[in-house]
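Quick notes on the structure that follows.
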């Protein structure tokens with residue numbers, strides 16, 4: 001070994017010894033966990049402790065309540081959380097909606113059998129039957145033929161409403177949309193077109209033996225029929241010769257001359273009720289009424305923002321949900337109830353974020369009201385969406401920004417590359433888009449928080465479309481822990497079926 005090599009070896013050993021000594025010195029000092037008192041850390045530590053203490057409820061569910069926010073995607077949920085908190089004067093981003101405290105959750109893939117992006121019909125069918133179906137069709141498998149009654153015969157799939165009634169349970173649906181619209185109709189109806197809500201739109205298809213959705217509701221043949229149906233859609237139940245009770249200048253749409261509201265009352269002459277306004281709704285006594293039908297509008301019910309101005313008077317979604325439970329819970333065999341925030345969807349179709357979010361908050365109030373009424377030891381409660389929308393939360397807005405406002409960064413309005421400000425909420429497409437290459441409107445002096453403001457959109461369309469992103473599922477109660485990971489939308493039905501032991505009970509009933 002040369003002298004130079006010898007010196008290099010000594011230097012290497014010395015450096016190694018120094019590193020080792022430094023490492024030992026560092027280990028001799030304990031780190032101080034300074035973030036332990038940080039409020040973000042503490043709040044999430046409390047959530048972790050709560051999760052660690054969870055014990056799954058594996059009792060058979062007596063009741064199931066399925067909340068469906070129509071178009072209530074994750075971005076809409078986030079915006080609603082912020083909006084609800086800011087409306088109460090608290091920090092929006094750290095706020096929590098009622099269902100966000102549920103112990104279990106999953107991600108739901110919403111694609112339809114024939115489409116990347118689902119409409120409300122097959123998404124609801126997935127959750128109420130366990131089968132992926134085609135856009136614009138109800139209660140039918142994926143091999144049914146759209147708008148063709150004859151070719152769709154024999155393709156019917158059994159709905160949760162049919163199963164529940166067959167095993168002695170009560171069944172209800174409440175919605176701020178028409179009660180014959182896609183989501184609530186999926187509880188009880190079979191139709192080769194979701195728009196066949198009255199006989200007038202059936203046309204020649206009636207000759208093939210198909211019946212309209214309103215007719216299927218009133219004549220539902222399982223058990224003693226549907227128990228509670230609250231929502232809009234009165235025009236589908238009244239004949240074209242009958243004036244509407246709330247709008248005397250308008251009439252029903254039915255061409256067969258039938259008044260289905262009268263048929264409902266005749267079928268349940270001893271314990272049935274029908275209402276079309278707030279006064280009639282208030283008179284429905286859950287202690288004496290077993291079958292209640294309420295139709296508060298000719299078409300969809302009012303948006304929550306407009307409901308106080310309705311001349312006939314309409315109950316809030318929370319009021320409909322709790323009264324439905326009061327009626328359904330009289331049955332010792334239990335019940336299935338769907339609660340739909342139907343107009344969340346319509347607000348986004350109009351690119352009107354204010355009405356989207358106020359209706360989302362109305363559903364949150366309904367969830368709170370239901371949780372205060374039911375026994376979670378025996379009631380499975382699920383909150384989910386049927387599909388997403390193209391609503392986005394954009395830019396880098398300051399933490400305390402009004403969710404409906406313009407993007408501000410460090411207190412200064414942010415400008416896009418065209419030199420104009422832009423709103424925090426926008427849409428991928430819809431009526432807020434500019435046609436024929438017209439320049440984007442300057443929002444500098446616009447009141448973007450006005451309830452009637454239409455958010456800007458990228459692609460101009462007369463009505464904004466659904467979006468194909470996954471949505472969230474939240475659950476609490478018996479077997480709620482089965483919701484975990486990423487699942488297909490029809491998985492929701494399988495959990496409901498398992499929690500109720502519905503198939504076993506159905507088989508037992510069939511043997512009697």
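The values are calculated or read from the model by the stated rules, or taken from the named source; none is laboratory data. This is a predicted model, so every value here is computed, not measured. Ideal geometry is used to build each Cβ from the backbone, glycine not excepted, and the neighbour counts take in all protein chains shown.
Summary table
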quantity: Selection count where residues are assigned to a strand (DSSP E or B) and closer than 18 Å to residue 75 by Cβ, scope region 458-485; calculated: 8
quantity: Flag for residue 67 being over 14 Å from the mean Cα position of the chain (by Cα) and surrounded by 19 or more Cβ atoms within 10 Å (Cβ to Cβ); calculated: no
quantity: Residue in region 96-115 that is over 18 Å from the mean Cα position of the chain (by Cα) and at positive phi present; calculated: no
quantity: Filtered residues of region 89-131 (kept if without any contact (Cβ under 8 Å) to a residue 12 or more places away in the chain and not in a loop (DSSP other than H, G, I, E, B)); calculated: 101
quantity: Entirely in region 163-275, the helices (runs of 4 or more DSSP H) that have 1 or more residues that are assigned by TED's automatic domain parsing to the domain that holds residue 343, free of Cβ contacts under 8 Å to residues at least 60 places away in the same chain and in contact with a helix residue (DSSP H, G or I) (Cβ under 7 Å, 6 or more places away or on another chain); calculated: 213-218
quantity: Counted residues, region 276-300 - those being within 19 Å of residue 260 (Cα to Cα) and part of a loop (DSSP other than H, G, I, E, B); calculated: 10
quantity: Selection from region 137-160 of residues that are assigned to a helix (DSSP H, G or I) and within 16 Å of residue 211 (Cβ to Cβ); calculated: 149, 150, 152
quantity: Flag if residue 60 is under 19 Å from residue 393 (Cβ atoms) and out of contact with any strand residue (DSSP E or B) (no Cβ under 9 Å at 6 or more places or on another chain); calculated: no
quantity: Residue among 500, 443 that alone is assigned by TED's automatic domain parsing to the domain that holds residue 70 and either without any contact (Cβ under 8 Å) to a residue 60 or more places away in the chain or under 23 Å from the mean Cα position of the chain (by Cα) (or both); calculated: 500
quantity: From 495, 448, 459, 487, residue being surrounded by 14 or more Cβ atoms within 10 Å (Cβ to Cβ), in contact with a strand residue (DSSP E or B) (Cβ under 8 Å, 6 or more places away or on another chain) and under 24 Å from residue 222 (Cβ atoms); calculated: 495
